[in-house]
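The values are calculated or read from the model by the stated rules, or taken from the named source; none is laboratory data. Only a predicted model underlies this, so the values are computations on that prediction, with no experimental measurement involved. In this analysis, Cβ positions are derived from the backbone assuming ideal geometry, glycine residues included, and neighbour counts consider all displayed protein chains.
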Amino acid sequence: MKSSEAVLLVIAKTALSDGNIDETERAFLTELTAALGADFDVDALLDKAKDCELESLVETIESYPDRFFVALRAYMMAHIDFEFDATEEAFFAQLIDSLKISDQDLRLIESTESAMNEVDESVPSDRIMELYQQSSFCVSS
């Protein structure tokens, strides 16, 4: 399995974690699928995610910067419907543990998502920019 497919499946599993897929989650998955150039429709992605084990998906994502961005996107997915319930929280805690995200980076993920809900646009932190440039998601200009 390619790393990009594992990323999409982890995010899809995050969406599934509360048992409810709404239109904002579908739109987020559609956008992410297109950004990664994957050949999945959302329903097929969600169906496949149901059958995948989190640990095996995480093992496919090798670099820490990639793992950080998976955790960041998963956290955003869990909050996209403005409800972060106990099942999503438990799933995210398991994901963070599996990805081996540092406490400092977890706080950065939480503060980044929180800042996105504010009216003023914020500039990404130096740490996010550093990790992005090291990740396979970086698009050089």
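Summary table
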{"read-out": "Per-region count, region 20-54, residues touching a residue at least 40 places away in the same chain (Cβ under 8 Å), of a type outside the set (A, V, I, L, M, F, W, C) and touching a helix residue (DSSP H, G or I) at 6+ places or on another chain (Cβ under 7 Å)", "value": "1"}
{"read-out": "Qualifying positions in region 63-89 - hydrophobic (A, V, I, L, M, F, W, C) and touching a residue at least 24 places away in the same chain (Cβ under 8 Å)", "value": "F68, F69, V70, A71, L72, A74, M76, M77, A78, I80"}
{"read-out": "Conditions (1) outside any helix (DSSP H, G or I); (2) surrounded by fewer than 16 Cβ atoms within 10 Å (Cβ to Cβ); (3) of a type in the set (D, E): number failed by D18", "value": "(2)"}
{"read-out": "Condition check for E23: among the acidic types (D, E) and farther than 16 Å from L95 by Cβ", "value": "yes"}
{"read-out": "Residue among A49, A34 that is among the hydrophobic types (A, V, I, L, M, F, W, C), within 19 Å of E5 (Cβ to Cβ) and loosely packed, with under 12 Cβ neighbours inside 10 Å", "value": "A34"}
{"read-out": "Any hit, region 68-78, residues being surrounded by fewer than 17 Cβ atoms within 10 Å (Cβ to Cβ) and charged (D, E, K, R)", "value": "no"}
{"read-out": "Listing of helices (runs of 4 or more DSSP H) fully contained in region 26-125 that carry 3 or more residues being β-branched (V, I, T) and at pLDDT 90 or above", "value": "none"}
{"read-out": "The lone exception for A93 - which of (1) under 23 Å from T112 (Cβ atoms); (2) in contact (Cβ under 8 Å) with a residue 12 or more places away in the chain; (3) surrounded by fewer than 18 Cβ atoms within 10 Å (Cβ to Cβ) it fails", "value": "(2)"}
{"read-out": "Counted residues, region 1-20 - those being under 14 Å from the mean Cα position of the chain (by Cα), more than 19 Å from Q94 (Cβ to Cβ) and not acidic (D, E)", "value": "2"}
